[in-house]
Amino acid sequence: MGTVPSALKHCLSYQHLLKEQPWIGEPVPPPQPGQESQTSGLPEYIKIVEVGPRDGLQNEKVIVPTDIKIELINRLSKTGLSAIEVTSFVSSKWVPQMADHKEVMRGIERHPGVRYPVLTPNLQGFHNAIAAGATEVSVFGAASESFSKMNINCSIEESIEKFEEVVKSARNMNIPVRGYVSCALGCPYEGNILPAKVAEVSKRLYSMGCYEISLGDTIGVGTPGSMKRMLEAVMKEIPLSAIAVHCHDTYGQALANILTAIQVLLQCMSEGAVFLADLNLSRSCQNSLMKQALHSLSDWLYASSSLAWSEDGSCCSGFIRRRSGWLSLCKGCYWKCGHRGCDIHA
Amino acid sequence: MAAARRLLPRWAGAMRPVGAGAGPGPGQGLGRAQGNGTGTGDLEPGGGPGPGPGRGRAPAPLRSRRSRLCPQISAAAAGALPARVKVVEVGPRDGLQNEQSIVPTAVKIGLIDMLSHTGLPVIEATSFVSPRWVPQMADHTEVMQGINKLPGVSYPVLTPNLKGFQAAVAAGAKEVSIFGAASELFTKKNINCSIEESLERFSEVMSAARAASIPVRGYVSCVLGCPYEGKISAAKVAEVSKKMYSMGCYEISLGDTIGIGTPGSMREMLTAVMKEVPVGALAVHCHDTYGQALANILVALQMGVSVVDASVAGLGGCPYAKGASGNVATEDLVYMLNGLGIHTGVDLQKLMDAGTFICNALNRRTNSKVSQASCRL
């Protein structure tokens, strides 16, 4: 909407909203038994990663004073956000806005339960970030060779080699690494980007050890259709739980694209992606043990187990997550999942 | 007129790309728990032979909420979207009506003429309302008589009462619109009567329109919230929509007047309305005041709505939130529909040119993100 006039600022202030439109901010009441909830078909929880202090400010023309950046991050920390991208340990020659990365990192108040990742384009940046107190880092790949060349002056392959160094060092220090893939839905230089290419780069980043891959529609050209096609390709290569979307609103499509992403990812979760476990019930005894085990596990599962039986009762699919990771089940239980070992029979 | 009841979501059990015919569901093998295609997600495991002793019936609690909802998600995400969407351009009326400065008649005519060449099938030209209430629309007769009506394009006009209707017909209108609301307070403040009384007034217009074989489009305002009442129940929206449809409106445009709706409330509202009015007769008119318009429209499309109102350059602010934006921009809508492979017949380039024209004339920045991104104001 361009520069925000004061009338608009007043209109959009939360206090104004609560005063004049009291239904905003009220939680959606739980559905009555037998009644569909307004949000049925959608996840119960979405993790929002706040990138304003880094990705946002990086693109602002005016250099923002360090104390303003710190104040912004401190205020964001109080909102309930679980992840706030603080700054970027990149050379100030390239990104003057982020020149004060050390001061910002050291100056912010760290709230318990909130993560403060920082961008580290190379090993030097990584070391500087750790020295400044960073406990999580991000690396940036791209699905476009031209963009990679123009942005960081190297090919995708070369950039991944650089990131491998960072990720390796990070893993040695138990520092989680988040991976970004830029130009996931289009490139300002190349135009259309193949979903397969996005999937390939995502897979590389995930395989090297990134815990999450944020797929970025860098120039906001994507639409729900292209978002869906891209996600379908990426979902074949990396687990759903590792996928995030980073949509730009350049063409006003961001919320529609995000909604599509939520729908597509949730659909895939229910149908059978990597973490889906299939149970063949041809062995009834083990199966009943299995069911008992699942029920007894339910008290320490932090995500509601999602299990569904097929029509003839012959198979059951679903996914279960436990507090510290994915439930592992052995082959003898006829469950298939990505992990070895079995948590039920251990 | 009995309203068709929607029994099943059209997309139930099928996953197909936009434009393609219905294909087989994705994978009917092991683990597919939603293959029954009813779209309800009920998974009664009682049928079929049990695999052995001790199995008996499968335990009921394993039918989780997520799995029950899967077909809906599958449907929604499958993007069983309409192949064609009719875009109703409301810029010259709803858009300009909310602009501060009075636009010269020649500029209005110029805008409508440019829009006529974009491929838009419907362009709401003006409003035959008293100039005392809406000074912007004082030149309704001149505009109606001045525009170049292209064959195949409809130019509906707003007619709040019989007098307006008669003036509209005299000026050459071939289609009219009437405005109801799902909120009593809004109706009271807007036209100083109750919803029931407003519908009685409209019934005069309906009778006259029927006699003159003029189609009537109905609008329902405040479908997702009211600036005075707050929350609006979906049942009320359904009730008003049904009444207007029964009166003879060929289409009901459901307006999120203050743009407060989100995909969840849109779905809830449409679910209620679709029980009373066939989805083919429904349109959505989303305001982008809170940036939710395209997401809300996407949900409406997924539910089967195939008529969407929009305003070129996102013209028109919000009289209830000073300085805020109003209508969703037609350019942004068409961009999304193009990306989805949905046919609109609209030339985005020409549409942007019309947007540039009116923004220049109004000396204002476009509200369309697509236009901004394309460096067109």
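The values are calculated or read from the model by the stated rules, or taken from the named source; none is laboratory data. All values reported here derive from a predicted model rather than from experimental measurement. Backbone-built Cβ (ideal geometry, glycine too); neighbour counts: all protein chains shown.
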Residue check: is B:A313 more than 26 Å from B:V205 (Cα to Cα), touching a residue at least 12 places away in the same chain (Cβ under 8 Å) and either touching a Leu at 6+ places or on another chain (Cβ under 8 Å) or buried (at least 24 other Cβ atoms within 10 Å of the Cβ) (or both)?
-> yes
Would a scan of the range B:114-121 turn up a residue that is crowded, with 24+ Cβ neighbours inside 10 Å, modelled with pLDDT of 95 or more and closer than 23 Å to B:C249 by Cβ?
-> yes
Failed item, numbered, when A:M105 is tested on (1) surrounded by fewer than 16 Cβ atoms within 10 Å (Cβ to Cβ); (2) within 24 Å of A:F163 (Cβ to Cβ) | (1)
Residues of the range A:64-81 that turn out to be exposed (fewer than 13 other Cβ atoms within 10 Å of the Cβ) and part of a loop (DSSP other than H, G, I, E, B), as a count = 4
Filtering the range B:196-215 down to residues that are at pLDDT 95 or above, surrounded by 17 or more Cβ atoms within 10 Å (Cβ to Cβ) and out of contact with any Pro (no Cβ under 9 Å at 6 or more places or on another chain) yields B:M206, B:A208, B:I214
From the option list B:I178, B:I112, single residue qualifying as under 24 Å from B:V308 (Cα atoms), part of a helix (DSSP H, G or I) and out of contact with any Lys or Arg (no Cβ under 6 Å at 6 or more places or on another chain) is B:I112
Give the number of residues within the range B:195-204 that are over 11 Å from B:M244 (Cβ atoms) and touching a helix residue (DSSP H, G or I) at 6+ places or on another chain (Cβ under 6 Å).
-> 1
Would it be correct to say that B:A212 is closer than 16 Å to B:G164 by Cβ, away from chain A (no Cβ under 14 Å), out of contact with any Phe, Trp or Tyr (no Cβ under 8 Å at 6 or more places or on another chain) and not polar (S, T, N, Q)?
-> yes
Tally, over the range B:216-252, of residues that are part of a loop (DSSP other than H, G, I, E, B), surrounded by fewer than 20 Cβ atoms within 10 Å (Cβ to Cβ) and within 14 Å of chain A (Cβ to nearest Cβ) | 5
Residues in the range B:253-271 that are more than 9 Å from chain A (Cβ to nearest Cβ) and of a type in the set (A, V, I, L, M): how many?
-> 4
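Residue by residue, here is whether (1) over 30 Å from A:I130 (Cα atoms); (2) buried (at least 21 other Cβ atoms within 10 Å of the Cβ); (3) without any contact (Cβ under 8 Å) to a residue 40 or more places away in the chain; (4) away from every other protein chain (no Cβ under 14 Å) holds:
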site	(1), (2), (3), (4)
A:V181	no, yes, no, yes
A:Y189	yes, no, no, yes
A:N192	yes, no, yes, no
A:Y206	no, no, yes, yes
A:S214	no, yes, no, yes
A:I219	yes, no, yes, no
A:L231	yes, yes, yes, no
A:I238	no, yes, yes, yes
When A:V245 is evaluated against the numbered criteria (1) out of contact with any Lys or Arg (no Cβ under 8 Å at 6 or more places or on another chain); (2) not in a strand (DSSP E or B); (3) not small (G, A, S), which criterion, by number, is the only one it fails?
-> (2)
Those helices (runs of 4 or more DSSP H) completely within the range B:272-377 that have 3 or more residues that are more than 8 Å from every other protein chain (Cβ to nearest Cβ) and of a type outside the set (A, V, I, L, M, F, W, C) are B:348-362
Residues in the range B:254-303 that are under 14 Å from B:V237 (Cβ atoms), among the hydroxyl-bearing types (S, T, Y) and surrounded by 24 or more Cβ atoms within 10 Å (Cβ to Cβ) total 2
Hey, could you check the range A:119-170 for residues that are in a loop (DSSP other than H, G, I, E, B) and without any contact (Cβ under 8 Å) to a residue 24 or more places away in the chain and say which is farthest from A:C210 (Cα to Cα)?
-> A:N153
Across the range B:327-376, the tally of residues that are free of Cβ contacts under 8 Å to residues at least 60 places away in the same chain and among the aliphatic types (A, V, I, L, M) stands at 7
Identify the residue in the range A:82-102 that is surrounded by fewer than 20 Cβ atoms within 10 Å (Cβ to Cβ) and under 15 Å from A:P117 (Cα atoms) and, among all such residues, is farthest from the chain's Cα centre (by Cα).
-> A:K102
